[in-house]
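A quick write-up on the structure given underneath.
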Ligand code: MIG
């Protein structure tokens, strides 16, 4: 019989057996909802709301080291599960949670890099319920008409989270596992990467070319080749003077993000290895020796991030990067990804000797290239000296690494916001890092599937996500890159990245016509900064994703459950990317509310499907009627200008909207040094009434002059007032304009 604990009004913790986690990722919080209950009846768990049973346990068992429990929630659809291939609705599928690097993202690939054992059951006219399996061990999900959760452990700890709306579940789940901090403003800008910009002059050339070609950009990434023989925390010969290099980059307005892999090269002449060894910092094999695996540097040892002294050593090791002008850290290979071991190598040599495999066709011997998880082979220790098998630590390995990386920022960049980008992670990874979806390919199929992958992450609490724009593996072509950039401009994280040996993918790689399209959308991204930054703020506050599926608009409308190729970006923007080559139109489902085309102001009615034209330089984008879009002037990077103009576009005859701003780089916002404004627009006596109110005013502010544009104002507008006082207005074509200074109205 499970043990039931009421965490708060909306959250119950159900414990079966005796599960054990090396760390607990949950946080306490209060919430009231009187009608929600978890109870046992005939020894079985029941989830009850307002007297009605929603979820019933039908079976539980312990078999061969795996605990399993099955529940029934009639007619449920399943959303979430973190980073998974496939569509949003996971009904009918099976998944495994075991962080894995597999660079070929086939439609059936599972598992992927990140494990978030959390999903939301959704069914029309029923409350959405969140299920979080708080196990760092491997877990398994079978989602059909009923659903089975299995955990490789002596039991399971399951949190049941009441909605009733999907967004409530996501918000409450992020209360439990943590929310995103405000990222540095520059990390919302466009970012340019490639495996690799491998000399300082090449990186500088790219930066300069972006400026001369008038492509706004904030960040250049340095992939593995900046290091000395892939030795983590070193600079190689091609980056002899990193300080000078970073200063030159700064002059051009660029930030630098460097890759950091967890594998430490075994090399007696290498400081990081020596200090790690002295601390006995590395995970062990079964015989108690330092476990050896092959990654980029060759034979490596792997830090045991479970130990706090090891994490501290790792944090300190960032000095060589963060004190040399590096602004952000990119954590790769942190599943951890290990292909080769001494054992495997020996086996291959043996087979080769026997003539059973030929080196020439080694590539065909697929089993030798399969990632291994080393679940039972690697041993970790916690601070108390208890041993933990790798399978209980693997899914939090990257999470623990990200914790250490965040501390590094505290050490070397006090009061600055960290920027960490990670490939692997666990529930709550958003507390420490942004996420990119790893090694996709330059395929149209991947452009399309990145939408549900990112939305699935968002529904699992990870808001700051994005993809390698243009695709990582394989060769992009101009059309694909243009379309992917159009879409990527509306993902929370916006970075162009590609693999070594593939076609170049910088914005100019496919000629002027393509570059013009890319420039247009990179510029639009920057123009929308005030709107996007505000969406980040609400995500930081409430855990609601920035990029959301349409089901967020009406979870009772089952038609929306299967829309995977349109998404909401913040509260007011609907995006419908072109996902096929040689196509200049698509059908768009318009969800509830009326929506207005950003391109030409045309109005579209709810619950209709439209054929929308989209030549190569256009992506269909719609704004929700009765909302506001906040924009600013063009820029090369954030914050090139100290003061910024603000444009407020009013879609409809009444509207309300929020605008958030802070310094964009320090932690001062946590002590109230930010501004949050509420703007409202209403109508009275053939006129408009504008309201501007400061909900919080703790920061000097960048926005001074404000232009409000009423995009579709009737000609007979008589009078406009702002906070009760009459204000000048004039027509510019169809648009009624009002100008004022923030300081004059509040
Ligand atoms: O084995 O650092 O996903 O973004 O460029 C490949 C080289 C290792 C995988 C990452 C990719 C990165 C690449 N890395």
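The values are calculated or read from the model by the stated rules, or taken from the named source; none is laboratory data. Computed from a predicted structure; not experimentally measured. Counting neighbours? That spans all protein chains shown, and the Cβs are built from the backbone with ideal geometry, glycine included.
Odds and ends about this structure:
- Of the criteria (1) more than 18 Å from residue 631 (Cβ to Cβ); (2) touching a helix residue (DSSP H, G or I) at 6+ places or on another chain (Cβ under 7 Å), which one residue 704 fails: (1)
- Selection from the range 264-296 of residues that are within 16 Å of the ligand (Cβ to nearest atom) and surrounded by fewer than 21 Cβ atoms within 10 Å (Cβ to Cβ): 294, 296
Okay, residues lined up against (1) at pLDDT 95 or above; (2) part of a strand (DSSP E or B); (3) closer than 27 Å to residue 111 by Cβ:
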residue	(1), (2), (3)
1	no, no, no
5	yes, yes, no
34	no, no, no
46	yes, yes, no
55	yes, yes, yes
60	yes, yes, yes
79	yes, yes, yes
83	yes, no, yes
88	yes, no, yes
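- Among residues of the range 81-127, those that are away from the ligand (no atom under 16 Å from the Cβ) and either crowded, with 24+ Cβ neighbours inside 10 Å or farther than 14 Å from residue 138 by Cβ (or both), counted: 28
- Among residues of the range 316-341 that are more than 26 Å from residue 665 (Cβ to Cβ), those with a Cβ under 8 angstrom from a residue that is part of a helix (DSSP H, G or I) and within 12 Å of the ligand (Cβ to nearest atom), sequence gap 6+ or separate chain, pair up as 339/369.
- Only a single item in (1) within 18 Å of residue 80 (Cα to Cα); (2) in contact (Cβ under 8 Å) with a residue 60 or more places away in the chain; (3) within 16 Å of the chain's Cα centre (by Cα) is not met by residue 467, and it is number (2).
- Residue in the range 420-428 that is within 26 Å of residue 477 (Cα to Cα) and modelled with pLDDT of 95 or more present: yes
- Boolean, residue 534 is within 16 Å of the ligand (Cβ to nearest atom), touching a strand residue (DSSP E or B) at 6+ places or on another chain (Cβ under 7 Å) and in contact (Cβ under 8 Å) with a residue 60 or more places away in the chain: no
Here's the yes/no breakdown for (1) surrounded by 21 or more Cβ atoms within 10 Å (Cβ to Cβ); (2) within 18 Å of residue 452 (Cα to Cα); (3) out of contact with any helix residue (DSSP H, G or I) (no Cβ under 6 Å at 6 or more places or on another chain):
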site	(1), (2), (3)
535	yes, no, yes
538	no, no, yes
541	no, no, yes
546	yes, yes, no
553	no, yes, yes
556	no, no, yes
574	yes, yes, yes
579	no, yes, no
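- Residue selected from the range 297-312 under the condition surrounded by fewer than 21 Cβ atoms within 10 Å (Cβ to Cβ) and more than 27 Å from the chain's Cα centre (by Cα), by the criterion farthest from the ligand (Cβ to nearest atom): 309
- Residue list for the range 403-428, filter: within 16 Å of the ligand (Cβ to nearest atom) and not in a loop (DSSP other than H, G, I, E, B): 420, 421, 422, 425
- Selected residue (criterion: farthest from the ligand (Cβ to nearest atom)) from residues of the range 464-483 that are crowded, with 24+ Cβ neighbours inside 10 Å and within 16 Å of residue 189 (Cα to Cα): 464
- Filter pass, residue 355 being at positive phi, over 26 Å from the mean Cα position of the chain (by Cα) and part of a loop (DSSP other than H, G, I, E, B): yes
- Just one residue in the set 215, 220 is without any contact (Cβ under 8 Å) to a residue 40 or more places away in the chain and not in a helix (DSSP H, G or I); that residue is 220.
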